[in-house]
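Here's the structure, in structure tokens; my notes come after.
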Amino acid sequence: MSGAVSSSHGSAHLTVSAGLFAPAWLPPGGRGNGLRAVSWAPVADIPARRVDEVLDALREAGVPAHAAPAPRPVRVVTPGEGAQGTVWRLRVGSQAYGRAEDVLMRLLR
């Protein structure tokens, strides 16, 4: 069942997909920031350890977003991360793509 869980940063509630009633837009095992969009666009592959932080920041900026383990990561956004560890694909609401880029540029310098 889809539910809300506290992020590792203690500030927000993230939507987690697990079970029959998970939103259709949220991939299995993925997490969303609780905001919805009509259409989604992939914006970046990020290290698993940064997912909660990124989803929280995007929610605060009013950007709908969700992330799930990437089937085949193209490139990790943060320098020095390489291909080690799990990489998650971040998707944002298409209408807020520009704002999402601005948030990611500030957050993942």
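For the reader, a short list of remarks on this structure follows.
- Calculated FRET value between Trp40 and Arg106, using beta carbons and R₀ = 25 Å, to 0.05: 0.70
- Size descriptor for the stretch 31-72, Kirkwood hydrodynamic radius: 10.7 Å (Cα pairs only, one decimal).
None of the figures in this text is laboratory data; all of them are computed from the coordinates on show. Values in this document were obtained by computation on a predicted structure and should not be read as measured data. Methodologically, a virtual Cβ is constructed for each residue, glycine included, from the backbone with ideal geometry; neighbour enumeration extends over all protein chains shown.
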